[in-house]
Structure formats: structure tokens, C-alpha cells
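Below is one structure; the comments refer to it alone.
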Amino acid sequence: MAGTSHIPAEEMEELREAFSKVDVDGNGHISTDELNQLFKEANLPLPGYRVREIVQELSRTMDLNQDGKITFDEFAKVVRDLKSSEVAKTFRKAINKKEGIYSVAGTSEQSGTQHSYSGETNTLQNNHTKPVIDDTIVIWVNDALTQAGKGTISGFKDGSISSSMPVLDLIDAIQPGSIRYDLLKAEDLTDEEKLNNAKYAISMARKIGARVYALPEDLVEVKPKMVMTVFACLMARGMRRI
């Protein structure tokens, strides 16, 4: 990706995660309206005029080519360059508070940015006597898949996740009949077909009420951390079944 190739992979993943929280319509860029909505939902203890100043500053600084759209490259560059500024710190607070996103697991040694997982994962942790760990989620996922007569996964690095079929199968296990398998191709997929499956999986996960914020590319590329958040959110949704 032009302009961001020097960013460590872990930090890049965190930046993409943050970008997706602000880009609510998923069109690949952030608008001024989305920035305003971010601060509105975050409900930070700031006067209205200060919020307007911050949004104006972010828009002016991030939109490097002044085309009215903040791309991921522009977003990543400015968030890193302004890491210690008041505006950047306030921006991060707003992102972390959006839709119940809570900072957990400390700070990245490489980037200085906080790791965060969705409120669904946080809820799971609060509802158990010990933190939810990868194995716990995998066991729950595989139990749900097995009960529905579907294939299981070995973990969040399982190559089959690249097709998004395990995610789609889990969604269908949680809400039977929700997935249109006749629209899907499960084997010998091209890159485009994998991406189409992933887009459908993310869309359907959100449709059944799972608060997923990962990107389709995270499934196609089988990024373990982001894959974990998808399954954790679906687990939380599945545990609410009556």
C-alpha cells in the first residue's frame, strides 16, 4: 500500500481497525460527517465549539490532497505523525469509545497505540470468571458448528477461513436459514470470489446483530487477531440465542 509500506504489520492492523470504526458506510474513505458522528457517539466531555475545532483540524490535516475525502493512507500517516498531539489523543479517545469499544491489553511496544477489541468481547470477559482466551472461543465456535452439522476450524489461522465459509457456517448455525448458500462458491476460489464471500460474511454477521468491525480483507488474508474478533462477536451473539 503506497505511503504505508514502512509501517509495522501489527500497527497497520490497528490502524485499519480504527479506520473501519470511523468509516461507517464502508466506502473506503472518511467524510466530515463521519468525523462529526464519531464525536457525537463518543459523547466526550468537550464543549461543542471544541469538537468543531477538532473536526476541522482533523479534516484539514488528514485530507492531504484536499479532495474532501480522507483515505486510509492519509488517515494512517496523520495518526502516526500526530501521535502525541492533543488532537490525536482526543481522536483516539473518540474511536475507543465508539460503539462500546474498550481499550484492553495495554499498549503496543511498536506503535504506542492501544489494542482494542469490541464491546462484545469485553462483555464475554465480564460474564466469565476468567478472561476469554483463543481456545475458549475456538471451542465454542466448533461446538456450534458441529451441532449444526458443519465443518470445524483448527484455530484463527486455519486456511479455510480465507474462503469465509467457516464464518458463514457459524452465522447460519446461530440463525438457521440466514445464509444463501446458492449464492456462494466454496472451493477453488479466485481472489475476487474470496473477497465477495468475505463481504457477504461481514454483512450477514452485522445483519444478525453481531457487532463486527473487521474488514472483508481481514478474513481473506486470515489475519488471526481480526479473525478472532469476528468469531468473538459471533460467539457473543450466539450466546444471546433464546
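The table below gives the values:
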read-out: For Glu13, Glu193, order by how many other beta-carbon atoms lie within 10 Å, fewest first; value: Glu193, Glu13
read-out: Diffusion constant of region 120-238 at 20 °C, which comes from Stokes-Einstein with the Kirkwood Cα-pair radius and 1.002 mPa s, µm²/s; value: 153
read-out: Calculated from backbone phi, Karplus (6.51, -1.76, 1.60) coupling profile of region 26-40 in Hz, x at Gly/Pro; value: x, 8, x, 8, 9, 9, 4, 4, 5, 5, 4, 5, 4, 6, 5
read-out: Gain upon complete extension [Ser178, Lys40; 0.36 nm per residue less C-alpha separation]; value: 46.4 nm
read-out: Rough spin-label spacing in nm, given labels placed 7 Å along Cα→Cβ, for Lys225 and Lys93; value: 2.4
read-out: Under-29-angstrom lysine pairs by C-alpha in region 120-238, whenever the two are 8 or more apart or on separate chains; value: 29
read-out: Neighbour-count ranking [beta-carbon atoms within 10 angstrom, fewest first] of Val212, Val55; value: Val55, Val212
read-out: Charge context of Ser154, other residues only, Cβ under 15 angstrom, K/R +1, D/E -1; value: -3
read-out: Asp143 versus Ser203: modelled label distance in nm, points set 7 Å from Cα along the beta carbon direction; value: 3.2
read-out: Efficiency of FRET from Cβ geometry, Asp191 and Asp25, R₀ 30 Å, rounded to 0.05; value: 0.80
read-out: Footprinting exposure proxy for Thr190, Thr152 (fewest neighbouring C-beta atoms within 10 Å first); value: Thr190, Thr152
read-out: Average Cα contact separation per residue, region 138-188, under 8 Å, 6 or more apart, as relative contact order %; value: 30
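Coordinate-derived values only; no laboratory data. Keep in mind that what you see is a predicted model, and the values were worked out from it rather than measured. Cβ sites come from the backbone with ideal geometry, for glycine too, and all protein chains shown count toward neighbours.
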